[in-house]
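Peer 1: Take a look at the following structure, please.
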Amino acid sequence: MTDPVEEHQTVLVLDFGSQYTQLIARRVRERGVYSEIHPWDMDDDAIRTFAPSGVILSGGPESVNLEKPPRVSHAVRRPTRRKRCRRRRNAGRPPRPAWSFSRTPRS
């Protein structure tokens with residue numbers, strides 16, 4: 001049996017002013033995934049400490065017309081966790097040649 005702590009997933013919902021933010025977080029929780037809602041300007045270090053499995057950006061249409069719209073944090077665009085997952089997934093496999101266009105799955 002697998003350890004439930006290892007399977008624990010977390011989702012960060014960044015609120016950019018949407019009226020559906022609470023609903024989105026509730027739907028994520030209904031699927032058995034822990035989620036937290038934070039404002040869009042959450043500190044980069046706090047995002048890295050939270051180490052979410054996924055991030056949902058929840059915003060409204062009013063920010064489209066703003067001169068200086070809110071921007072996504074660098075910690076969201078470049079998570080440190082992604083590199084570790086990619087290495088684990090490709091561990092032990094030889095690199096695929098650049099000229100290979102095969103769509104069949106590798107065994």
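The values are calculated or read from the model by the stated rules, or taken from the named source; none is laboratory data. Model, not experiment: these values are computed from the prediction. No Cβ is skipped: glycine too gets one built from the backbone with ideal geometry, and neighbour counts run over all protein chains shown.
Peer 1: On the basis of being in contact with a Lys or Arg (Cβ under 6 Å, 6 or more places away or on another chain) and either farther than 18 Å from Gln9 by Cα or of a type outside the set (A, V, I, L, M, F, W, C) (or both), does Ser58 make the cut?
Peer 2: On the way: in contact with a Lys or Arg (Cβ under 6 Å, 6 or more places away or on another chain): no; either farther than 18 Å from Gln9 by Cα or of a type outside the set (A, V, I, L, M, F, W, C) (or both): yes.
No: the conditions fail for Ser58.
Peer 1: Filtering region 36-53 down to residues that are in contact with a Phe, Trp or Tyr (Cβ under 9 Å, 6 or more places away or on another chain) and of a type in the set (A, V, I, L, M, F, W, C), which residue is farthest from Leu14 (Cα to Cα)?
Peer 2: Ranking the candidates gives Met42 first.
Peer 1: Among the listed residues Leu14, Leu66, which satisfies the condition of being of a type in the set (A, V, I, L, M) and at pLDDT 90 or above? Break it down into steps so the answer makes sense when it comes.
Peer 2: Working: Leu66 fails: at pLDDT 90 or above.
Within the list Leu14, Leu66, the selection yields Leu14.
Peer 1: For residues in region 41-77 being touching a residue at least 40 places away in the same chain (Cβ under 8 Å) and part of a helix (DSSP H, G or I), which is surrounded by the fewest Cβ atoms within 10 Å (Cβ to Cβ)?
Peer 2: Glu62
Peer 1: Right, next: Report whether or not Thr80 is in contact with a helix residue (DSSP H, G or I) (Cβ under 7 Å, 6 or more places away or on another chain), modelled with pLDDT under 65 and exposed (fewer than 12 other Cβ atoms within 10 Å of the Cβ). Walk me through it before giving the result.
Peer 2: Values: in contact with a helix residue (DSSP H, G or I) (Cβ under 7 Å, 6 or more places away or on another chain): yes; modelled with pLDDT under 65: yes; exposed (fewer than 12 other Cβ atoms within 10 Å of the Cβ): yes.
Yes, satisfied.
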